[in-house]
Structures are given as C-alpha cells and as structure tokens.
1. Say each of R87 and A11 gets a label point 7 Å from the Cα, pointing the same way as Cα to Cβ; how far apart are those two points in nm?
2. Once amide H atoms are built 1.01 Å from N in the peptide plane, which residues 5 or more positions from V91, or in another chain, come under 5 Å H to H?
3. Using the Karplus equation 6.51 cos²θ - 1.76 cosθ + 1.60 (θ = phi - 60°), what ³J(HN,Hα) coupling, rounded to whole Hz, does each residue of segment 79-92 give in order, writing x for Gly and Pro?
4. Could you tell me how many degrees, from 0 to 90 and to the nearest 10, lie between the Cα long axis of helix 2-24 and the main elongation axis, the longest principal axis, of the Cα atoms of the chain?
5. Take T79, T8, T93 and order them by how many other Cβ atoms sit within 10 Å, fewest up front.
6. Counting helices only, and only those DSSP H runs with n ≥ 4, report the 222 nm mean residue ellipticity of the chain as the sum of -39,500 (n - 2.57) divided by its residues, in deg cm²/dmol to the nearest 500.
7. Express the C-alpha Rg of the chain as a ratio against the empirical globular expectation 2.2 N^0.38 Å, rounded to two decimals.
8. I want the local charge near R102. Using Cβ-Cβ distances under 14 Å, sum +1 for each Lys or Arg and -1 for each Asp or Glu among the other residues.
Amino acid sequence: MEGDDASTRMADDQRAVCSELANRHGLRVVGEYVDHGPAVASRQGELQRLIDDVTSQAVCAVLVYDLARLAGDLVRLETILAELKARGADVLTVMGVEVAERFVAAQRMREAFRRLPQVGGAE
C-alpha cells in the first residue's frame, strides 16, 4: 500500500531528525519507543514501556518529533505529559529544541555586537 510506505518513510524521517538532534546535543539515546496505531490508545506496548523506563529512572528525558506523536488527543496528551513529569522526565520536542537553539544563537549574536567598538564614538 502506498499510504503505508509514505507513513513508514515519514516515521523514519522523524526518527532520523530526533537522532541527529540528540547527537548534536550530546544526548545518549537509551531507547526508541514506537507505537503503531491502537497501541497508543490502549496504553499498551511502547508507551507503557516508556513510562516504566521513566519510573525506573532508565530514562530522564523524552525527545519526540512532535507532541502529537505521544497521544492522539489533547486530553490524553495532557495526562501523559503530567505522568512523565511526575515521574521525573523532561519532555522535549524537535521544534522546541530548534527554537531554543535559535534563541541562544540570537543571544550570542547580540552579545558579540555589544562587544564591537562603537563606530563614530567620541575619543
């Protein structure tokens, strides 16, 4: 099926982006948790394994491509995020990390400009 191939490619692309981002920031990837279809809704499979690993402190941060990858609806997402946080895990998204990177880069640029000698200043 063509749709399944596209979905698989999209998931592979998202996994690659997360992996590259983790590597760029020196984060150690201890596992991947990939649910397909109804397993997310039933809280079985990989989501439960993720929660168990967070509980056992094998995982201290969760990097997801998009929060929608954690849950199919906002109420469920809020519940999952609260549970992960209560168990001590930070949840990061690719977009959130990239925005933070841009913010830090902009701050560094502003600091560099502040250190430049003033043009046309009094001697």
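Values quoted throughout were computed directly from the atomic coordinates according to the rules given, and no laboratory measurement underlies them. Quick caveat, the model's predicted, so the values are computed rather than measured. Heads up, the Cβs are rebuilt from the backbone with ideal geometry, glycines too, and the neighbour counts pull from every protein chain shown.
1. Each label point lies 7 Å from its Cα, and together they span 2.1 nm.
2. Answer set, sorted by chain and number: V62.
3. For segment 79-92, the Karplus curve yields 5, 5, 4, 5, 5, 4, 5, 4, 8, x, 9, 8, 10, 10 Hz.
4. Value to nearest ten degrees: 50.
5. T8, T79, T93
6. It comes out at -19500 deg cm²/dmol, rounded to the nearest 500.
7. Ratio of Cα Rg to 2.2 N^0.38 Å: 1.44.
8. Neighbourhood net charge equals +1.
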